[in-house]
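One structure is given here, and the rest of the page talks about it.
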Amino acid sequence: GFGERKAKAERMFSLMDGFLKNDPFSLQKDILHHVEYTVARSRFNFDDYEAYQALSHSVRDRLIERWHDTHTYFKRTKPKRLYFLSLEFLMGRSLSNSVINLGIQDQYAEALSQLGFEFDVLAEQEGDAALGNGGLARFSACQMDSLATLDYPAWGYGLRYEYGLFRQIIVDGFQHEQPDYWLNFGNPWEIERIHVTYEVKFYGTVEDVDRNGEKHEVWIPGETVEAVAYDNPIPGYGTRNTINLRLWAAKPSNHFDLEAYNTGDYINSIVNRQRTESISNVLYPDDRSHQGKEMRLKQQYFFVSASLQDIIRRFKEAHNNFDELPEKVALHLNDTHPSLSIAEIMRILVDEEQLDWNKAWNIVCKIFSFTTHTVVAEGLEKIPTDLLGSLLPRHLQILYKINSNFMEELKKRIGLDYNRLSRMSIVEEGAVKSIRMANLSIICSHTVNGVSKLHSDTLKMRTFKDFYELWPEKFQYTTNGVTQRRWIVVSNPSLCALLSKWLGTEAWIRNADLLTGLRDHVDNTGFRHEWKMVKRLNKMRLAEYIETMSGVKVSLDAMFDVQVKRIHEYKRQLLNIFGIIHRYDCLKNMDKNDRTKVVPRVCIIGGKAAPGYEIAKKIIKLCHAVAEKINNDADIGDLLKLVFIPDYNVSVAEMVIPGADLSQHLSTAGHEASGTGSMKFLMNGCLLLATADGSTVEIIEEIGSDNLFLFGAKVQEVAELREKGGALKVPLQFARVLRMVRDGYFGDKDYFKSLCDTVEVGNDFYLLGSDFGSYLEAQAAADKAFVEPEKWTKMSILSAAGSGRFSSDRTIREYAERTWKIDPCQCPF
Ligand code: NBX
């Protein structure tokens, strides 16, 4: 009985000597224990990497204690849980983040120094977990941190790709992709759950069966794969709560294909078994286009099926009636990538649990919410019905049925408006008949979220106008945010100390609104001096990195001007490069005496191009070609440098962002759904040079338009400008820069031709030409502000002071209260 189990547990706990202790002496003992017994190195001889491994294992042990307690507590109190479904998480490194959130950073630093190691040096040994592409995936990671910190009873679900996002190497200015086989040296941050497995089925046919005299359709699958859980503890800051990110890996099922073994085709059947493992092998590196690849669809269903089996099993353990599902379970679709969940849960409820279709549909419509990270309709995910029908025949039937019910209901509401009906249909007829995953997600979700105010206006007025008119109450927005734990405490320790000192508290780490308190000190010269010192320190760190990566020596007195993000035409890295060429050209034509008045700049660009995105790759090459020219021009010296930072990822961001004076966010208005990079720069006291796009509009509301450099066409103007086509006015400077590139001033004339064509008058979809004049003005304003260090520092302080609204804690609280309707559930210490 219960009493017996409890007594047994208590005896074990006393044998364990209670919880692990966190004083420096105990930490040293634990680290050495792991050196000896986990890493299996001798205590007389282990290197930094092995020390990192042992250290991580000692941290892992501490995570596991809290993670156990948290889940025991959730199980006991049975709160409504949130399941955050995402095919991508960009977690980056875990060591520093974990010890900080566990609150034992100082103890570890001391323990290590007594062992003759430095914490920061060992932390550098860790590689990034890069199971995602860009903004969407890093935003998922920030949200997990906030969910844990705010004590929400949440689980993350994702895929454990063996190859993360490719590593970018640059050869002769060209991007090359190398595989990121990140699990090579083991991963101390995951817990393999060999007994948490589910079978996932594919292919096969649908057959009619008789159930109590009624005809029912049932899926007879053709292939089975097993999903194994790998759990990744996510510690909250300042709380015992440590939630779970469960990632699925594929392995061959033990359901042997007896036929093959008996016919003697032993070797081939083993080879086939191995093939199934490949489902979770590799992350697709395209951060926008959808190519209708079978493997991608397999990944999506593999993820969805394993996660839902796990979720339903957990629900059934504690409840016996599916009517309770909406009170106990919230399922969040992070973009449309997991939206097969809708068809899968209908299949489970109707085919397996034998619920009546309408009853099941009513339940299902109460549990899903959906966030879209896309602006333009062309970016929305579509799955060809041929592909879906062969891989998941029963799901295709279910989707058709959902659609025909919806179409019937819609006809009653809007009449026989066939254009509108066909736009709103889940099924797209046409050259390739396909399923529109966004329409499916909207129809089935109780809430559709945009990621910024501007984005949600675009969704309502353009992208999903028809749906908005049908269901205005479904449409909401929750502006994105980033976690200050990662983006200040982990990545900028000197700023962290300064903030706590002048705010008189560390409470801002859990409540970023307190950062507004910095406004009280903005006129204090002592404070401003310390603020400048922190920035200088971070610039030194960045300058060293630049020198080791690219061999370019940069001056700390120069303005560090940064644009780091995925390379995309709409993000307009090309506008930045053209601006740099223009600056170079001006310097070359300038009187020597005037040069002394010029603000020296270090222009830093970084980001990956999707492997198949030719224009983006040409932008990278152009950046290198221009850098080559400028950096080797002795005449220019420190006045202008251009460096491309290769392999931009989370850990590179942690070093680049704190060292930036200025950061650029140049998307053509209406194209960036939110943008989250800008928020990280803002928190780190970096000034923004930006268009009025995505969340920048809301940043202006917080910090005031005087504290950033705004430029470019407004979202309302973009359509009109595009219509002008060849008649669009473009400044002479733009034409001149374009001419230089076309004429081969930076070499590779032929190679750059197609790139130049994309911004030629009449063809310039992203309006680089028409925004160029205003861009140069904003750049000039930035130069002007920079020569007044006190003014600049005030702007910098006011940027950070206004960044509190862009904490993912605010984002998560809004989602929890308005969308998911979940309450905090804090595990007692
Ligand atoms: O999501 C990004 C948006 O572009 C940003 O504006 C926004 O701030 C961020 C978070 O909401 N979208 C994004 O990163 N998308 C992808 O990475 C992506 C990945 C795979 C895919 C489609 C898009 N199939």
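If I ask for residues that are surrounded by fewer than 16 Cβ atoms within 10 Å (Cβ to Cβ) and under 26 Å from residue 657 (Cβ atoms), which ones from the stretch 557-597 would you list?
Within the stretch 557-597, 557 is the sole residue that qualifies.
Identify, from the list 356, 323, the residue that is out of contact with any Phe, Trp or Tyr (no Cβ under 9 Å at 6 or more places or on another chain) and under 25 Å from residue 154 (Cβ atoms).
323
Within the stretch 511-524, how many residues turn out to be out of contact with any Lys or Arg (no Cβ under 9 Å at 6 or more places or on another chain) and either among the acidic types (Asp, Glu) or more than 12 Å from residue 797 (Cα to Cα) (or both)?
3
Only one of these is over 27 Å from residue 136 (Cβ atoms), touching a residue at least 12 places away in the same chain (Cβ under 8 Å) and not polar (S, T, N, Q): 298, 328. Name it.
Exactly one of 298, 328 is over 27 Å from residue 136 (Cβ atoms), touching a residue at least 12 places away in the same chain (Cβ under 8 Å) and not polar (S, T, N, Q), namely 328.
Going through the stretch 293-329 one residue at a time, which ones are among the polar types (S, T, N, Q) and either within 16 Å of the ligand (Cβ to nearest atom) or surrounded by fewer than 21 Cβ atoms within 10 Å (Cβ to Cβ) (or both)?
Answer for the stretch 293-329, where residues must be among the polar types (S, T, N, Q) and either within 16 Å of the ligand (Cβ to nearest atom) or surrounded by fewer than 21 Cβ atoms within 10 Å (Cβ to Cβ) (or both): 299, 300, 309, 320, 321.
Hey, among the residues in the stretch 696-709 that are under 19 Å from residue 519 (Cα atoms) and within 14 Å of the ligand (Cβ to nearest atom), which one's surrounded by the most Cβ atoms within 10 Å (Cβ to Cβ)?
699
When both residues are 6+ apart or on different chains and their Cβ atoms are under 6 Å apart, which pairs have a first residue that lies in the stretch 134-153 and is over 20 Å from residue 675 (Cα atoms) and outside the structural domain of residue 647 (by TED's automatic domain parsing), and a second that is more than 10 Å from the ligand (Cβ to nearest atom) and among the hydroxyl-bearing types (Ser, Thr, Tyr)?
149/237; 151/239
Only residues that are among the hydroxyl-bearing types (Ser, Thr, Tyr) and either more than 16 Å from residue 468 (Cα to Cα) or within 16 Å of the ligand (Cβ to nearest atom) (or both): list them for the stretch 426-453, please.
Of everything in the stretch 426-453, those that are among the hydroxyl-bearing types (Ser, Thr, Tyr) and either more than 16 Å from residue 468 (Cα to Cα) or within 16 Å of the ligand (Cβ to nearest atom) (or both) turn out to be 434, 441, 447, 452.
The rows are residues; the columns are (1) surrounded by 13 or more Cβ atoms within 10 Å (Cβ to Cβ); (2) within 29 Å of the chain's Cα centre (by Cα).
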site: 197; (1), (2): yes, yes
site: 209; (1), (2): no, no
site: 217; (1), (2): yes, no
site: 221; (1), (2): yes, no
site: 225; (1), (2): yes, yes
site: 238; (1), (2): yes, yes
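If I go through the stretch 421-457 residue by residue, how many of them are touching a Gly at 6+ places or on another chain (Cβ under 6 Å) and among the β-branched types (Val, Ile, Thr)?
Counting residues in the stretch 421-457 that are touching a Gly at 6+ places or on another chain (Cβ under 6 Å) and among the β-branched types (Val, Ile, Thr) gives 0.
What strands (runs of 3 or more DSSP E) completely inside the stretch 17-131 contain at least 1 residues that are small (Gly, Ala, Ser) and surrounded by 15 or more Cβ atoms within 10 Å (Cβ to Cβ)?
Here the list reads 89-92, 129-131.
Out of everything in the stretch 4-16 that is in a helix (DSSP H, G or I) and hydrophobic (A, V, I, L, M, F, W, C), what residue ends up being farthest from the chain's Cα centre (by Cα)?
In this case the residue turns out to be 7.
Mind checking which pairs have a first residue in the stretch 60-89 that is over 18 Å from residue 103 (Cβ atoms) and a second that is β-branched (Val, Ile, Thr) and more than 16 Å from the ligand (Cβ to nearest atom), Cβ under 8 Å, 6 or more apart or different chains?
Hits for this filter: 79/822; 80/329; 80/822; 81/329; 81/822; 82/822; 83/311; 83/329.
Of the residues 764, 748, 771, which is among the acidic types (Asp, Glu) and more than 23 Å from residue 696 (Cβ to Cβ)?
Sole residue among the options that is among the acidic types (Asp, Glu) and more than 23 Å from residue 696 (Cβ to Cβ): 748.
Just to verify a result, which residue in the stretch 274-292, among those that are away from the ligand (no atom under 11 Å from the Cβ) and at pLDDT 80 or above, is surrounded by the fewest Cβ atoms within 10 Å (Cβ to Cβ)?
274
So which helices (runs of 4 or more DSSP H) stay within the stretch 715-829 end to end and still have 3 or more residues that are among the hydrophobic types (A, V, I, L, M, F, W, C) and more than 31 Å from the chain's Cα centre (by Cα)?
732-742, 768-786
Show me the strands (runs of 3 or more DSSP E) found entirely inside the stretch 200-317 where at least 3 residues are more than 19 Å from residue 394 (Cα to Cα) and of a type in the set (A, V, I, L, M, F, W, C).
223-235, 242-252
If you take the residues of the stretch 774-798 that are touching a Phe, Trp or Tyr at 6+ places or on another chain (Cβ under 8 Å) and among the small types (Gly, Ala, Ser), which of them is surrounded by the most Cβ atoms within 10 Å (Cβ to Cβ)?
So, considering only residues that are touching a Phe, Trp or Tyr at 6+ places or on another chain (Cβ under 8 Å) and among the small types (Gly, Ala, Ser), the one surrounded by the most Cβ atoms within 10 Å (Cβ to Cβ) is 796.
Wholly within the stretch 363-425, which helices (runs of 4 or more DSSP H) include no fewer than the required count, namely at least 2 residues that are within 16 Å of the ligand (Cβ to nearest atom) and either modelled with pLDDT under 95 or more than 24 Å from residue 452 (Cα to Cα) (or both)?
Hits in the stretch 363-425: none.
Evaluate the following for residue 616: is it within 19 Å of residue 173 (Cα to Cα) and touching a residue at least 40 places away in the same chain (Cβ under 8 Å)?
The answer is yes for residue 616.
Got a sec? Which of 498, 514, 587, 537 is in contact (Cβ under 8 Å) with a residue 60 or more places away in the chain, assigned to a helix (DSSP H, G or I) and either over 30 Å from residue 149 (Cα atoms) or touching a helix residue (DSSP H, G or I) at 6+ places or on another chain (Cβ under 9 Å) (or both)?
That would be 514, the only listed residue that is in contact (Cβ under 8 Å) with a residue 60 or more places away in the chain, assigned to a helix (DSSP H, G or I) and either over 30 Å from residue 149 (Cα atoms) or touching a helix residue (DSSP H, G or I) at 6+ places or on another chain (Cβ under 9 Å) (or both).
So which pairs qualify, if the first residue must be in the stretch 113-125 and over 19 Å from residue 94 (Cα atoms), the second must be surrounded by 13 or more Cβ atoms within 10 Å (Cβ to Cβ), the Cβ gap must be under 7 Å, and the two must be at least 6 apart or on different chains?
Correct list of pairs: 114/24; 114/28; 115/28; 115/31.
Is it the case, given these coordinates, that residue 124 is closer than 30 Å to residue 609 by Cα and either more than 16 Å from the ligand (Cβ to nearest atom) or among the basic types (Lys, Arg) (or both)?
yes
The values are calculated or read from the model by the stated rules, or taken from the named source; none is laboratory data. Everything numeric in this text was worked out from a predicted model, so none of it was measured. Positions of Cβ are generated from backbone atoms using ideal geometry, with glycine treated the same way; all protein chains shown enter the neighbour counts.
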